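Structure first, then comments.
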Amino acid sequence: MQKIKVTIAGTCLSTLALVVIVHLYHVLTVPLDSDPIAGRQMQTESMLWLCGSAVVQWTLQYGRAPTASEGLGVLPLRGFPMLDGWKQPIIYRARGVNAPLEFHIYSIGSNGIDEGGGGDDISFEKSQLSNRK
C-alpha cells in the first residue's frame, strides 16, 4: 500500500511539473501584442489545462473530485493565480454525490458572462489530457 501511495505521489508531482512547464511555455511564447485575443485565449486554455490536470491527479489520489466547497483551493497550485486570460477567476463545479469523479472547469470567456460553460465560455474536458501531445 505504501508503494502505491509513493507511486501516485511521484506521478502527481511529475505530471504537475510537466503541466507547469507547458503553461509557462505558452505564457512566455504567445505574442500577446500581435493578437491579444488569441493570446488571452491561449493563456486561458493553458490555465484550464493546468487546473484540470491537477484535479484529475487529485481525483486519482483521493478517489473523488474536490467538492464544490473545496474547489480548486485543495490543489497544489496555490502559487498560481487561478485567473483566465481576461483576469477573471477560473470556475470549478463539482458534479456531486452521484458522479464523484466528475467535475467541470471553465472560464467565462471574453464577454465576461457566465454561461455555465456554453456560449463563448472556454471549458476543460478530461478527454483533452489524452488528446494532448
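Data table
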{"quantity": "Near pairs, Cβ below 9 angstrom, 6+ apart or cross-chain, from segment 108-120 (over 16 Å from Arg40 (Cβ atoms)) to any residue that is of a type in the set (Lys, Arg) and surrounded by 12 or more Cβ atoms within 10 Å (Cβ to Cβ)", "calculated": "Gly116/Arg93; Gly117/Arg93"}
{"quantity": "Test for Ile37: is it β-branched (Val, Ile, Thr), open to solvent by 60 Å² or more (accessible area, probe 1.4 Å) and closer than 23 Å to Asp114 by Cβ", "calculated": "yes"}
{"quantity": "Filter pass, Val27 being modelled with pLDDT under 70, under 23 Å from Ile108 (Cα atoms) and not in a loop (DSSP other than H, G, I, E, B)", "calculated": "yes"}
{"quantity": "Residues satisfying the stated conditions in segment 82-96, i.e. open to solvent by 80 Å² or more (accessible area, probe 1.4 Å) and either small (Gly, Ala, Ser) or in a loop (DSSP other than H, G, I, E, B) (or both)", "calculated": "Lys87, Arg95"}
{"quantity": "Pick from segment 102-124, criterion surrounded by 15 or more Cβ atoms within 10 Å (Cβ to Cβ) and in a loop (DSSP other than H, G, I, E, B), ranking: modelled with the lowest pLDDT", "calculated": "Gly117"}
{"quantity": "In segment 60-73, residue nearest to Tyr92 (Cα to Cα) [restricted to those that are open to solvent by less than 40 Å² (accessible area, probe 1.4 Å) and in contact with a helix residue (DSSP H, G or I) (Cβ under 9 Å, 6 or more places away or on another chain)]", "calculated": "Leu72"}
{"quantity": "Members of segment 68-81 found to be touching a strand residue (DSSP E or B) at 6+ places or on another chain (Cβ under 6 Å) and on the phi < 0 side of the Ramachandran plot, listed by number", "calculated": "Ala68, Leu72"}
{"quantity": "Unique residue being assigned to a loop (DSSP other than H, G, I, E, B), within 14 Å of the chain's Cα centre (by Cα) and either more than 19 Å from Arg40 (Cα to Cα) or touching a residue at least 24 places away in the same chain (Cβ under 8 Å) (or both) when the list is Ala65, Ala99", "calculated": "Ala65"}
{"quantity": "Pairs, first within 15 Å of Val74 (Cβ to Cβ) in segment 42-53, second basic (Lys, Arg) and surrounded by fewer than 21 Cβ atoms within 10 Å (Cβ to Cβ), C-beta under 8 Å, six or more apart", "calculated": "Gly52/Lys126"}
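The values are calculated or read from the model by the stated rules, or taken from the named source; none is laboratory data. Here the structure is a predicted model, which means the values were calculated and not measured. Using ideal geometry, Cβ is built from the backbone for each residue, glycine included, and neighbour counts are taken over all protein chains shown. Side chains included, ligands, DNA and RNA excluded: accessible areas come from the protein's heavy atoms. Shrake-Rupley method; radii C 1.70, N 1.55, O 1.52, S 1.80 Å.
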